[in-house]
Amino acid sequence: MKDILAKRLKECRKEKGLTQWEVAVYCDITEKTYQNYELMTREPKLEILIKIADCFGVSLDYLVGRTDKK
């Protein structure tokens, strides 16, 4: 699941044309923290994951690989 989350975070961000910094600002976290999520050296807390999903306009299930439907 970690690999899927990291891959989908990066894919969604690029599809939206956002930088890591822009996503971090939206989620009220540091850019380094967001980078760690894409590298999967850290896992986001649920409240942050919800903000990320909102930012990308996708479901939590999609981000974590439970469905392929955004």
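The values are calculated or read from the model by the stated rules, or taken from the named source; none is laboratory data. Everything numeric in this text was worked out from a predicted model, so none of it was measured. Every residue, glycine among them, receives a Cβ derived from its backbone with ideal geometry; neighbour counts consider all protein chains shown. Only protein heavy atoms, including side chains, enter the accessible area calculation; ligands, DNA and RNA are left aside. Shrake-Rupley method; radii C 1.70, N 1.55, O 1.52, S 1.80 Å.
Could you work out how much longer the chain between Gln35 and Ile50 gets when fully extended? Use 0.36 nm per residue separation minus the Cα distance between them, nm to one decimal.
Details: separation 15, 0.36 × 15 = 5.40 nm, distance 1.67 nm.
Full extension of this stretch gives 3.7 nm more.
Any idea what the relative contact order of the chain is, in percent, if you count C-alpha pairs under 8 Å spaced at least 6 apart?
36 percent
Given a 1.4 angstrom probe, what's the average accessible area per residue across the chain, in square angstrom? Could the numbers behind the result be given before it?
Numbers: 4550 Å² over 70 residues.
It amounts to 65 Å² per residue over the chain.
Ignoring ligands, DNA and RNA, please state the percent of accessible area on the chain from carbon and sulfur, probe 1.4 Å.
Carbon with sulfur: 50 percent of the solvent-accessible area.
To the nearest whole percent, what portion of all C-alpha pairs in the chain is separated by more than 14 angstrom?
52 percent
Taking the Cα centre as origin and putting +1 on Lys and Arg beta-carbons and -1 on Asp and Glu beta-carbons, what dipole magnitude results for the chain, to the nearest 20 debye? Please list the in-between numbers first.
Numbers: 14 positive and 12 negative charges, 34 e Å.
Using Cβ point charges on Lys, Arg, Asp and Glu, the chain gives about 160 debye.
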